[in-house]
1. Just checking, which of Arg351, Arg357, Arg329, Arg342 is open to solvent by less than 10 Å² (accessible area, probe 1.4 Å) and basic (Lys, Arg)?
2. Taking only pairs six or more apart or across chains, which ones have beta-carbon atoms under 9 Å, a first residue in region 126-138 that is more than 18 Å from Gln173 (Cα to Cα), and a second residue that is among the hydroxyl-bearing types (Ser, Thr, Tyr) and surrounded by fewer than 24 Cβ atoms within 10 Å (Cβ to Cβ)?
3. When the residues of region 471-509 are filtered to those that are hydroxyl-bearing (Ser, Thr, Tyr) and over 22 Å from the mean Cα position of the chain (by Cα), which remaining residue is nearest to Pro71 (Cα to Cα)?
4. May I ask you to list the residues in region 103-126 that are more than 30 Å from Leu163 (Cα to Cα) and out of contact with any Gly (no Cβ under 7 Å at 6 or more places or on another chain)?
5. Among the residues of region 120-152 satisfying the criterion of being in contact with a helix residue (DSSP H, G or I) (Cβ under 9 Å, 6 or more places away or on another chain) and of a type in the set (D, E, K, R), which is nearest to Ala267 (Cα to Cα)?
6. Do the conditions hold for Asp96, that is, is it assigned to a strand (DSSP E or B), under 13 Å from the mean Cα position of the chain (by Cα), of a type in the set (Asp, Glu) and crowded, with 24+ Cβ neighbours inside 10 Å?
7. From the list Asp448, Asp423, exactly one residue is outside any helix (DSSP H, G or I), at pLDDT below 95 and open to solvent by less than 30 Å² (accessible area, probe 1.4 Å). Which is it?
8. Would a scan of region 291-301 turn up a residue that is in contact with a strand residue (DSSP E or B) (Cβ under 6 Å, 6 or more places away or on another chain), of a type outside the set (Gly, Ala, Ser) and open to solvent by less than 40 Å² (accessible area, probe 1.4 Å)?
Amino acid sequence: MIRACAAFRRGVSFTTFNDARVTLDKSQFHVLQSCKYHVTPKNLKRNRSRVLVSFKSVTKPDLESSAKLSPQQVTSILELEQRRFEIQEGAVKSVDINRLAANDPIEDRDGYASLGPSEFLFGVYDGHGGCGCSSTVSERLFHYIAISFADYSLLEDIITGKLGMNNLVNWYQKETYSERSKRLYMRAIMKYAQESLAAHEPTSIEQHLKDAFVRLDHDIIQEGIPSESNKEFHSDSLFSAMAGSCALVSYIDGTDLYVANLGDCRAVLGVKVQESEYAAVPLSYAHDAHNASEIRRILDQHKNESTNIIRNNRLFGELAPLRAFGDLRYKLSLTEVKELERYFNTNHEVRGYYDNRVVPPNYKTPPYLISEPEVIKHKLTPKDKFLVLASDGLFDMLTPEKVVKLVAGHIDGKQILIDPQIDTNMNLKSMNRYLVERKTKLANRSIDDNAATHLIRNALGPEHRQISYYLSLPDNVCRTQRDDMTVSVIFFDSDYIKDKNVSDGIIKK
């Protein structure tokens, strides 16, 4: 059975705040939302096994016996969730976005918003153990960041009601959630604002981002603990806290770029070093067992447990990312996690989840999993052309260097069509060289107008039969072959960056 509908649908576009233009090339504004508030224990138990999946070890695809899709069907499937935001403000020109499911339903989420003039937030969230946690984080994190950034007078306006919570974040794509969740979220964010006002003191952007991540995770965990003292407890909150999510957020203020990473999503900057040559500059590092500094951090915090904590390159042999939202069973005290286990063994809704063993083996000195992101700051220059944010599903198939090369080629392919630069003073030799180069670029031009779609196509292929194979896999096989992919390509305005850096005295005119 083909995983995605191949029927062509009419493109949809609408205008959001500040005249930013949003284009949904296929289907709807929000896709695969059904899992967000109707996650069942059956789905959770099924999804738990996916935390342990490693699709890198599977056998080579049998392309000959795979279902045959036409090129038009392949393109239709790949374009199903592609979007573009034409921002044209500050350092950001536009954003190309797409995602492709491997899990059913998809566990990835994303978010795009503005906090003010020339001030942007872009996020990619890679869920595991279900989509409950990634959905919660995508809906709430930007509000926590806005509160963390707020100065004293703004916090006062929020608390006194002069400024509504809905005015804190200007979404390019608005998430929707239940009334119960909305009330819970608003109470939690108001409490955070009150506590931030009481303890307000200026600090760095990096620390503000860390504070927002840690506080949101604290609230997710506390809301998910089934106890008599938790008057707001609901099974949805438990499911969100039991699942987990990596998170990658870029914050752009003028020409200051910050990347906050939690887990194994990745950010790579495309820098044009000279004509037709780009460099891939990493702006995040995966928090997994292949990161030596992460292993040292964990072992330093848990002395004499080196043989128990990391097994088979996973936390307790189970979880691949070593930092994440949710996953409360790796964060609670020993007493709390045993109480949680008793709840699971006696509650019919969740009985049998984790095979009746909620407490990980050799659980001695929690917490073992943290929610503090690693933050990298970068000053944008006119040579910085784009930033790619993506879940690890893309980077499992493509190297950062290949990703940058593909986006750079996509830019050149579009530019060659719309902006032929012909010098009338060229001699015949130069003209011939120009025409040969132009012919080569035209031959290599992508069939995808959207750069994120172009990346996903090349991650699956680029050979047509291989793409057809991946897109034709049945649900129970797809996740063993690849992971969910969510890709955002943020294109920068070089003229704005140059002018801003000149006005700030960073570069000479």
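1. After ruling out the rest, the residue left standing is Arg329.
2. Matching pairs, first to second residue: Gly132/Tyr37.
3. The selected residue is Ser472.
4. Asn103, Asp104, Pro105, Ile106
5. It comes out as Asp126.
6. No.
7. That would be Asp448, the only listed residue that is outside any helix (DSSP H, G or I), at pLDDT below 95 and open to solvent by less than 30 Å² (accessible area, probe 1.4 Å).
8. no
The values are calculated or read from the model by the stated rules, or taken from the named source; none is laboratory data. Worth saying up front: this structure is predicted, and the values here are computed from it rather than measured. No Cβ is skipped: glycine too gets one built from the backbone with ideal geometry, and neighbour counts run over all protein chains shown. Areas reflect the complete protein model, heavy atoms only, side chains present, ligands, DNA and RNA absent. Shrake-Rupley method; radii C 1.70, N 1.55, O 1.52, S 1.80 Å.
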